[in-house]
């Protein structure tokens, strides 16, 4: 085990609720490449090293093993429950009336927790695909985003927060067009929103809109997700860690380009949630937030390498009659029907 990082020196982000959370967390999606045992082992190592935010989800199929690790860490006195910010997500097949509570109940049982810190709506529609499917898979029952259907799900989210089962609630994979429709209808607005964010896909319009609304962005794929599932790899994808400007900055700091991606994310203001099963990598990911910041000039350079390169296109969620994955993302500023 590398020398532990004191969680107190890791920068924090303040939510609109007043709660502070770490500026970086660990993701737990094994990308269909790593076993639940490998992921949970990495979570245990990360807790010992100093991580205090973990991003889970029912569809990752590893919450029960991760729950064993949380229970072990609490029992051994490595960390107290209230020191961790643990998130999870309701999967697309559990959006129906009454299903959100059932989903959370299973997550709490699997994670061996009495409450979750933030519960997200994983995707803004009930379009379901089986875990591990290929990129050509389609569900004939899939359909376009519906404000009414989404709000049925969101009202259940608000209820579980009122019940004390989730301290915060959040959204994920949203667009500005969708947010403008649903936020005015929310009794409780999301405290956090997860979105794909990395130097080659900075989503400035969505990012800025969320910040203006007082909602904390959380960035998945923060280094460009080189181990993402094959179904999410397409011709023309750009590898962030190979972009020349970023590589030069990494050389100047004598670090791997992945570290620069994370420094950029933290200094910009989102909460990146990188994943690795390798101790040297997850240790480096956390440590880099505490030392050797990027200069203003380097941040400007990285702001200029945005290629609008979305990696997680979501094509498996397309409905009959949809033209392409772009229909999921409201590129013209209106919700695609």
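Checked against the criteria, residue 82 does not count as touching a strand residue (DSSP E or B) at 6+ places or on another chain (Cβ under 9 Å) and free of Cβ contacts under 8 Å to residues at least 12 places away in the same chain.
Inspection of the range 92-102 identifies no residue that is closer than 29 Å to residue 175 by Cβ, in contact with a strand residue (DSSP E or B) (Cβ under 7 Å, 6 or more places away or on another chain) and in a strand (DSSP E or B).
Would you pick out the residues in the range 159-177 that are touching a helix residue (DSSP H, G or I) at 6+ places or on another chain (Cβ under 9 Å) and either part of a loop (DSSP other than H, G, I, E, B) or crowded, with 20+ Cβ neighbours inside 10 Å (or both)? Correct list: 160, 163, 165, 166, 168, 169, 170, 171, 173, 174, 175. Residues in the range 1-14 that are surrounded by 17 or more Cβ atoms within 10 Å (Cβ to Cβ) and either out of contact with any helix residue (DSSP H, G or I) (no Cβ under 7 Å at 6 or more places or on another chain) or part of a helix (DSSP H, G or I) (or both): 7, 13. Among all residues of the range 132-147, there is none that is on the phi < 0 side of the Ramachandran plot, out of contact with any helix residue (DSSP H, G or I) (no Cβ under 9 Å at 6 or more places or on another chain) and buried (at least 22 other Cβ atoms within 10 Å of the Cβ). Residues in the range 261-302 that are over 27 Å from residue 35 (Cβ atoms), touching a residue at least 60 places away in the same chain (Cβ under 8 Å), buried (at least 21 other Cβ atoms within 10 Å of the Cβ) and in contact with a helix residue (DSSP H, G or I) (Cβ under 6 Å, 6 or more places away or on another chain): 264, 266, 289, 302. Residue count for the range 71-91, restricted to those that are assigned to a helix (DSSP H, G or I) and farther than 14 Å from residue 25 by Cβ: 7. Listed conditions (1) assigned to a loop (DSSP other than H, G, I, E, B); (2) surrounded by fewer than 22 Cβ atoms within 10 Å (Cβ to Cβ) are all met by residue 190, apart from (2). Per the listing 74, 34, the residue uniquely buried (at least 16 other Cβ atoms within 10 Å of the Cβ), more than 24 Å from residue 171 (Cβ to Cβ) and without any contact (Cβ under 8 Å) to a residue 12 or more places away in the chain is 74. Restricting the search to the range 42-59, which residues are in contact (Cβ under 8 Å) with a residue 40 or more places away in the chain, surrounded by 17 or more Cβ atoms within 10 Å (Cβ to Cβ) and farther than 18 Å from residue 115 by Cβ? Once the filter is applied, which keeps residues that are in contact (Cβ under 8 Å) with a residue 40 or more places away in the chain, surrounded by 17 or more Cβ atoms within 10 Å (Cβ to Cβ) and farther than 18 Å from residue 115 by Cβ, the range 42-59 yields 42, 45, 46, 49, 50, 51, 59. Return yes when residue 249 is modelled with pLDDT of 95 or more, within 25 Å of residue 282 (Cβ to Cβ), outside any strand (DSSP E or B) and touching a helix residue (DSSP H, G or I) at 6+ places or on another chain (Cβ under 8 Å) and no when it is not. Against the criterion (modelled with pLDDT of 95 or more, within 25 Å of residue 282 (Cβ to Cβ), outside any strand (DSSP E or B) and touching a helix residue (DSSP H, G or I) at 6+ places or on another chain (Cβ under 8 Å)), residue 249 qualifies.
The values are calculated or read from the model by the stated rules, or taken from the named source; none is laboratory data. Remember, it's a predicted structure, so these values are computed and weren't measured experimentally. Counting neighbours? That spans all protein chains shown, and the Cβs are built from the backbone with ideal geometry, glycine included.
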